[in-house]
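> Handing you a structure now.
Taken together, the values in this text are just the output of simple stated rules run on the coordinates, not laboratory data. The model shown is predicted, which means the values in this text are computed figures rather than measured ones. We place every Cβ from the backbone using ideal geometry, glycine too, and count neighbours over all the protein chains shown.
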Amino acid sequence: MTVKEFIDKLLRRQPASAETAKERLQLVLAHDRSDLNPELLEQMRREILEVVARYVEIDLAEGDVSLETEDRVTALVANLPIRRPIAQPAKVETSEQQPAQA
Amino acid sequence: MSTTRTILICSGKGGVGKTTTTANLGIALARQGAKTVVLDADFGLRNLDLLLGLENRIVYTAQEVLAETCRLEQALVKHKQEPNLALLPAGNPRMLEWLKPKDMQAIVALLERQFDYVLIDCPAGIEDGFKNAAAAAREAVVITTPEVAAVRDADRVIGLLNTQGVQPVQLVLNRVRPKMMSNQEMLSVDDVTDILALPLLGLVFEDEQVIVSTNRGEPLTLSDSSSPAAQAYGNIAQRLQGEDVPLMDPSQARRGLRAKMRKLMQTRIF
Ligand SMILES: Nc1ncnc2c1ncn2[C@@H]1O[C@H](COP(=O)(O)OP(=O)(O)O)[C@@H](O)[C@H]1O
Ligand SMILES: [Mg+2]
């Protein structure tokens, strides 16, 4: 690294590109390995939240469903903060009326 | 069953160093006394012959052998300086269509009768060319560079090798630039091995001598070159043979260079 490059880096406070590369790779590989594109993943996320919302009251804004990968094993990780259980779980047929989107 | 090691040298992405690795490993293994054949499965765009300096000596290909218009011995091109090494082109560019996985298996079965190592230089991509080449392989070495596109493509290939039951699959990280790594402007060795989750067979530094040796058609491992890439390929060959050779350390490489410079400056010329 020349002095000029070093100063540039300091001033712009850019993160080193290797870190960015690693993060981008991990994300894209999780999708590649599971054969799920972001659109499908988003659809799955919505459906999972819908189902879960029938049983417990969850924070939809906080709810997060994502793919994580380690050692070539990809996991679907759902992180759904529960506010409180719903007293009577709704029946599947009534799912249309569930205020999951509320 | 034969004890021949039939190893696919593959990468997914083109231009990351498959052919360079095949040529250098082939020569290095041969010099270590192993009877080795390099099979050019990338015959649509063949250049293994060129890297080995054998481009003017090819008469037949594996296709003629299978069609029984020539004997295997006639198609094998023996390296003059290193007679333990032979080259066999799988076909020539006009024959792209003929090769099927079973043809590849038949060729390799013939080669396994007389060689200790069969190294298959795989075409880029994950289509038929790759599948044909992979059909005959028992194990694989995946080549990648520390760049996002190469690592991503390597990951695809590793997935396919796993489903085909090719085992073991090991990694060679090529074109490592120690200075960029230490500045964290290049994926580190650990980053790549963590992401791909493969055992590291070796790392090869970016080295101008690779290009010089390509110009001459004399792989670096042919002479006792002290260039970093030559050392790296020699080490990889030894590891393949089961020897325990420590990996190069990119951060030490730089220090080594600085130490050399210091020594050089201290040397009195007069
Ligand atoms: N370690 C290295 N240092 C410098 N140049 C390299 C190195 N490895 C490969 N190259 C160069 O990269 C290019 C592609 O290499 P090649 O072996 O033909 O790749 P592939 O067979 O995967 O397409 C060639 O020009 C080669 O000289
Ligand atoms: Mg090639």
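> Restricting the calculation to Cα positions, tell me the Rg (one decimal) and the Dmax (whole number) of segment B:1-59 in Å.
Rg then Dmax for segment B:1-59, in Å: 12.2, 35.
> HN-Hα J couplings of segment B:201-216 from phi, Karplus 6.51/-1.76/1.60, θ = phi - 60°, integer Hz, Gly and Pro as x?
7, x, 10, 10, 6, 4, 8, 4, 4, 4, 5, 4, 5, 5, 3, 8
> Hey, how many Å between the Cα centroid of segment A:49-73 and the Cα centroid of segment B:147-219?
Answer, in whole Å: 35.
> Can you put B:VAL169, B:VAL16, B:VAL59 in order, fewest other beta carbons within 10 Å first?
In order of increasing Cβ crowding within 10 Å: B:VAL59, B:VAL169, B:VAL16.
> Continuing with this model, one more query. Name the residues whose placed amide hydrogens come within less than 5 Å of the amide hydrogen of A:LEU67, ignoring near sequence neighbours (fewer than 5 apart) on the same chain.
Correct list: A:VAL77.
> How many percent of all Cα-Cα pairs in segment B:3-132 sit more than 19 Å apart?
Numbers: 3513 of 8385 pairs.
Distances greater than 19 Å cover 42 percent of the Cα pairs.
> What pairs in B:LYS13/B:LYS131; B:LYS13/B:LYS100; B:LYS13/B:LYS78; B:LYS13/B:LYS80; B:LYS13/B:LYS35 have C-alpha atoms more than 26 Å from each other?
On the way: B:LYS13/B:LYS131 15 Å; B:LYS13/B:LYS100 22 Å; B:LYS13/B:LYS78 29 Å; B:LYS13/B:LYS80 32 Å; B:LYS13/B:LYS35 29 Å.
Those over the limit are B:LYS13/B:LYS78; B:LYS13/B:LYS80; B:LYS13/B:LYS35.
> Pick from B:ALA237, B:ALA133, B:ALA34 the residue whose mean-square fluctuation is largest in a GNM of chain B, springs joining Cα atoms under 10 Å.
Top of the fluctuation ranking is B:ALA34.
> Follow-up. Does segment A:3-85 classify as rounded, prolate or oblate by the C-alpha gyration tensor (a ≥ b ≥ c root eigenvalues; a/c under 1.5 gives rounded; else a/b over b/c gives prolate, otherwise oblate)? The partial results should precede the final answer.
Details: a/c = 3.52, a/b = 2.00, b/c = 1.76.
Prolate is the answer for segment A:3-85, as a/c is 1.5 or above and a/b outweighs b/c.
> Right, another one. Could you give each residue of segment B:63-73 its phi-based ³J(HN,Hα) in whole Hz, using Karplus coefficients 6.51, -1.76, 1.60 with θ = phi - 60°, and x for Gly or Pro?
4, 5, 5, 5, 7, 6, 8, 8, 8, 4, 4
> In peptide B:188-195, how many Cβ atoms from other protein chains are near each Cβ within 10 Å, on average? Before the final figure, lay out each step's value.
On the way: counts 4, 0, 1, 6, 3, 0, 4, 9.
Mean shielding count: 3.
> In what order do B:ILE211, B:ILE143, B:ILE126, B:ILE7 fall by count of nearby beta-carbon atoms within 10 Å, going from fewest to most? Could you put the intermediate results ahead of the total?
Working: B:ILE211 9, B:ILE143 27, B:ILE126 16, B:ILE7 23.
Fewest to most other Cβ atoms nearby, the residues stand as B:ILE211, B:ILE126, B:ILE7, B:ILE143.
> Under 4.7 Å Cβ to Cβ, no partner at all: give me those cysteines from chain B, in residue order.
Lone cysteines by the Cβ rule: B:CYS70.
> A further question follows. In Å and from the alpha-carbon atoms only, list the Rg and Dmax of segment B:5-268.
Computed over the Cα atoms of segment B:5-268, radius of gyration and Dmax are 18.4, 66 Å.
> Have a look at the DSSP beta bridges in chain B and tell me what percent are antiparallel, nearest 5. Before the final figure, lay out the partial values.
Numbers: 2 of 30 bridges.
Bridges in chain B that DSSP calls antiparallel: roughly 5 percent.
> I've got another one for you. Convert 25 °C to kelvin, take the viscosity as 0.890 mPa s, use the Kirkwood radius over C-alpha pairs of the protein assembly as shown as Rh, and evaluate the Stokes-Einstein diffusion coefficient in µm²/s, rounded to a whole number. Intermediate values should be presented prior to the final figure.
Values: Rh = 23.5 Å.
Answer from the Stokes-Einstein relation: 104 µm²/s.
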